[in-house]
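> Just passing along the structure, written as structure tokens.
Only the coordinates and a few stated rules stand behind these numbers; no lab work does. Quantities reported herein were computed from a predicted structural model and do not represent experimental measurements. Positions of Cβ are generated from backbone atoms using ideal geometry, with glycine treated the same way; all protein chains shown enter the neighbour counts.
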Amino acid sequence: MANVSEPVHAGAAPGADHGHDHAHPSFLQHHFDTPAQQFNASKLGMWVFIVTEILMFGGLFCAYAIWRALDPDVFDQAHHFLDKIMGASNTIVLLFSSLTAALAVRSAQLGKKNQTSAYLIVTILCACAFLVIKFFEYRHKIELGLLPGHCFGHPWFSGSIQKGETIGTCLRVHADQAPGNPTWLKAIDQSGHVQLLPPRANMFFGLYFVMTGLHGLHVIIGMSVLAWVLVKNIRGQFSPEYFTPVDLGALYWHLVDLVWIYLFPLLYLVGKPE
């Protein structure tokens, strides 16, 4: 008499010998009984990983909240040196990429190989566009000297100021080092206007580069994962019965999108509390 507790693998006919290869799909790992069990375990593992990622970013969000509460004027003035158009453009790019990632999952579920590849390619291209925009934004900050604890002198500032004014982007300057402007530094913002830059603005830009830099690293990792999934899809390794890598890759990409949705308003749209 057959052991009724013995698991029956997906795709196996009643009474089939479980030792035969046809009873065990090639994509099913040996320690799982069914494809559904393997998918659910993989999905749970990805969610656990995402929770750890949220905890990591959560620490930075807490640091942001504390420093903003301590120096609201610093954050209010310093955020004028960020390019809101570039930030908004990156937001739109990532939102669109999340849509294409979700469509890639749906196409994989339906067994539409070519559509899945097309959506994955669009998602990867959106990630590249995000990094290109961020590159130009970073380059502009470096040219202005808006780096934590760094000072850069720029000769073209002299043509935009009046005699006796102090304009620069030295974030280490103290009150006694700014003649005629004992509390704030005058600096040129993203729009070319003279703004008052607090001496401790390095805290804002420190958080800006750490948070956006860490997010950018996740974008690169997400691109790599999606590229790997794309290669497997082109090789025909996915089907309506097995599309787990597509689903998990898209889920990770949604995390990347979600983090930026919080970073954009916190860094680019921050205003002084009333």
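> Taking loop as defined by DSSP and a crowding limit of 16 other beta carbons within 10 Å, which trypsin sites (Lys or Arg not before Pro) in region 54-145 fit?
Lys112
> Follow-up. In whole Å, what are the extents of region 218-274 along the principal axes defined by its C-alpha atoms, from largest to smallest?
57, 20, 11
> Among 36-47, 118-129, what's the highest-first ranking by average C-beta atoms within 10 angstrom per residue?
Going from most to least packed, we get 118-129, 36-47.
> Can you compute the FRET efficiency between Cys62 and Thr34 using 1/(1 + (r/R0)^6), with r the Cβ-Cβ distance and R0 = 35 Å? Round to the nearest 0.05.
0.25
> Still on this structure: Based on other C-beta atoms within 10 Å, arrange Leu103, Leu55, Leu267 from fewest to most.
Leu55, Leu103, Leu267
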